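Colleague: The structure that follows is given in the form of structure tokens.
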Amino acid sequence: MSEIAIIGAGKLGTNLGYALSQKSHRIATLSDRHLSIAQESQQFIGQGEYVDDNRYAARHGQWIILTVPDDAIETVAKELADSDIGWQDKFVFHCSGLLTTESLGPLEKRCALVASIHPVQSFPQKKPDPKAFQDIFFGLEGKQKALELATRIVRQLGGQHFILEAQNKPLYHTACSMASNFLATLLDTAIELLKQAGLTKSEASQALLPLVQGTLHNVKNFDTSTALTGPVVRGDKETIAKHLEALLKHPELRDLYIKMAYRSLYIAKRENKMPEEKFKALKVLLEGK
């Protein structure tokens, strides 16, 4: 049984702590700068001493997992490294998709074993989802011994993993953000357009969700290029022109539409889904705006 200290008792820290506790690991301590937040996480997880002292928490863990915001990781690492804690054979992980283990440098200099372990998943609430980590991927990066442990942890959680080179993490995280955050942004934009067309927000959401779910189903079972349908892929210049006309009163959304249509056009050409003459005609239409 491993003794784990979690520093940062937010949504990810709470879900991860709960999941690890269900795999025969012991959450020894939970630390947050707001004691009440750490206490709430302890109640969800069902174990661990809740504190507002990061050094105290780290002292009582063999594995220390930092689930603080990205801009706090280096500060916390320095805080811990400046303590009198013995770091030999302790493992320290952070969960940033963007930052590398360089941000844990002060702890590595104290002989801690370091890696980053980033779940490719969003966590909308603190209340743990028992299946939150099942079958998802984790992006791992760091030092060999810590990576070996990170790999075992991912397997225990029921996930899969890939190893990232440090220099590739920004691009990796950009892709994750686009797929998750911008999907919500795009759906919100579509809902706003339907509201302009006379639907209520609830009606718009209910109308679009099956469409989005169907697209995701096709992506899962086929691939993105197969799932991509609609007027751009068909080379339907007249329909695209009508869309652009309808968006004249919404210039910022019109610009977004044009950028997305360009990307769809590129995919259609890449996959040989469109005759050259239709590709050129649509390109001229989009460039003419």
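The values are calculated or read from the model by the stated rules, or taken from the named source; none is laboratory data. All of these numbers come straight from a predicted model, not from anything done at the bench. A quick note on method: Cβ atoms are made from the backbone with ideal geometry, for glycine too, and the neighbour counts reach across all protein chains shown. To get the accessible areas, we keep the full protein, side chains included, count just its heavy atoms, and leave off ligands, DNA and RNA. Shrake-Rupley method; radii C 1.70, N 1.55, O 1.52, S 1.80 Å.
Colleague: Percent of Cα-Cα pairs more than 17 Å apart in region 18-76, please. Kindly include the intermediate steps, with their values, before the conclusion.
Modeller: Details: 611 of 1711 pairs.
It works out to 36 percent of all Cα pairs.
Colleague: 222 nm [θ] for the chain, helices only, -39500 (n - 2.57) per DSSP H run of 4+, per residue, to 500? Spell out each step's value before the answer.
Modeller: Details: 13 runs with 158 residues, N = 289.
It lands at -17000 deg cm²/dmol.
Colleague: Given a 1.4 angstrom probe, I'd like the percentage of the accessible area of region 186-289 that is carbon and sulfur, rounded to a whole number. Present the calculation step by step, with values, prior to reporting the outcome.
Modeller: Working: 4050 of 7030 Å².
The nonpolar share, carbon plus sulfur, comes to 58 percent.
Colleague: For Lys283, go through the lysines and keep the ones whose alpha-carbon is under 24 Å away, minus same-chain ones fewer than eight residues off.
Modeller: Those lysines meeting the cut-off are Lys237, Lys242, Lys249, Lys259, Lys269, Lys273.
Colleague: Counting DSSP beta bridges in region 1-143, what percent are antiparallel, to the nearest 5?
Modeller: Numbers: 5 of 25 bridges.
Taking every DSSP beta bridge with both residues in region 1-143, the antiparallel ones total about 20 percent.
Colleague: For region 195-280, what does the accessible surface come to per residue with a 1.4 Å probe? Please give it in Å². Could you put the intermediate results ahead of the total?
Modeller: Values: 6030 Å² over 86 residues.
Accessible area per residue: 70 Å².
Colleague: Report the gain in length on full extension from Gln144 to Lys220: 0.36 nm times residue separation, minus Cα-Cα distance, nm rounded to one decimal. Mind dumping the intermediate values first?
Modeller: Numbers: separation 76, 0.36 × 76 = 27.36 nm, distance 3.23 nm.
Extra length from Gln144 to Lys220 when fully extended: 24.1 nm.
Colleague: I'd like the distance between the alpha-carbon centres of region 264-289 and region 9-23, rounded to an integer number of Å.
Modeller: A separation of 47 Å, based on Cα centres.
Colleague: Take region 53-107, compute every pairwise Cα distance, and split them into 5 Å bins from 0; I just need the percent in each bin.
Modeller: Bin by bin from 0 Å, the calculated values are 4, 21, 36, 25, 11, 2.
Colleague: Sequence-distant or interchain residues sharing an amide H contact under 5 Å with Val114, placed H: which?
Modeller: For Val114, whose amide H was placed from the backbone, the distant partners under 5 Å are Val92, Lys143, Ala146.
Colleague: If you don't mind, another one. For Phe137, what accessible surface area do you get with a 1.4 Å probe? Give it in Å², rounded to 10.
Modeller: 80
Colleague: A further question follows. Please report the carbon-and-sulfur percent of the accessible area for region 109-178; probe 1.4 Å, protein heavy atoms only, DNA, RNA and ligands left out. If you can, show how the numbers build up before the last one.
Modeller: Numbers: 2070 of 3910 Å².
Solvent-exposed carbon and sulfur of region 109-178 make up 53 percent of the total.
Colleague: At q = 0.23 Å⁻¹, what base-10 log of I(q)/I(0) does the Debye formula yield for region 61-143 when every alpha carbon is treated as an equal point scatterer in vacuo?
Modeller: Values returned for q = 0.23 Å⁻¹ are -1.08.
Colleague: How large are Rg and Dmax for region 172-289 when calculated on the C-alpha trace, in angstrom?
Modeller: 15.0, 41
Colleague: Something else now. If you wrap a convex hull around the Cα atoms of the chain, how much volume per residue is inside, in Å³? Kindly include the intermediate steps, with their values, before the conclusion.
Modeller: Numbers: hull volume 45.8 nm³, N = 289.
Hull volume normalised by residue count: 158 Å³.
Colleague: Roughly how many Å² is the accessible area per residue of region 1-95, as a whole number, for a 1.4 Å probe?
Modeller: Working: 4170 Å² over 95 residues.
With the other protein chains kept in place, region 1-95 gives 44 Å² per residue.
Colleague: Related question: With springs only between Cα atoms under 10 Å, which of Ile85, Ile65, Ile73 fluctuates most in a Gaussian network model of the chain?
Modeller: Ile85
Colleague: What is the sum of charges around His173, taking Lys and Arg as +1, Asp and Glu as -1, for the other residues whose C-beta is under 15 Å from the C-beta of His173? Let's see the in-between values first.
Modeller: Numbers: positive: Lys169; negative: Asp70, Asp71, Glu102, Glu141, Glu165.
Combined, the nearby Lys, Arg, Asp and Glu give -4.
Colleague: A further question follows. Under a point spin-label approximation (7 Å from Cα along Cα-to-Cβ), what is the Lys237-Gln88 distance to one decimal in nm?
Modeller: 7.6
Colleague: Need one number: nm distance between label points at Ala197 and Ile163, each 7 Å from Cα along Cα→Cβ, rounded to one decimal.
Modeller: With each label point 7 Å from Cα toward Cβ, the separation is 4.9 nm.
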